[in-house]
1. In the range 1-88, how does Rg compare with the Kirkwood Rh, expressed as the Rg/Rh ratio over alpha carbon atoms?
2. Compute the length gained on full extension between residue 71 and residue 21: take 0.36 nm times their separation in residues and subtract their Cα-Cα distance, giving the result in nm to one decimal.
3. Nearest 0.05, what FRET efficiency do residue 36 and residue 62 give at R0 = 25 Å with Cβ-Cβ as r?
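A short reminder: the numbers here are calculations on the coordinates, not readings from a lab. Keep in mind the model is a prediction, meaning the values are calculated, not measured. Methodologically, a virtual Cβ is constructed for each residue, glycine included, from the backbone with ideal geometry; neighbour enumeration extends over all protein chains shown.
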């Protein structure tokens, strides 16, 4: 296994731990300061990610994530994560109606031990569980 594969696996594990610990400050361990987020709901940069995760954890206080698949190829990491939780607070333009939700998907490019860009975002995949 190459160093980039080890780094990608380590960073995916840090990401998963941050989600399951509901720790917005975990972004320090896996998101670059100048992170580019191709997500219309989140600005670029580590601090914008921290703010996003903070509001996400408030809106989904029981969120749990699992890593279903992980593929590392050079500096690209493709992870299929499943997120499950109850929507119980304000988040984006969604009504907090105690709906159980589940969604999947992430692709990142890594450099210098941190995620540099998020390639694929599918926010419309959220479906009631």
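1. Numbers: Rg = 13.2 Å, Rh = 13.7 Å.
Using Cα coordinates only, the ratio equals 0.97.
2. Working: separation 50, 0.36 × 50 = 18.00 nm, distance 2.33 nm.
Stretched out fully, the residue 71 to residue 21 stretch lengthens by 15.7 nm.
3. 0.25
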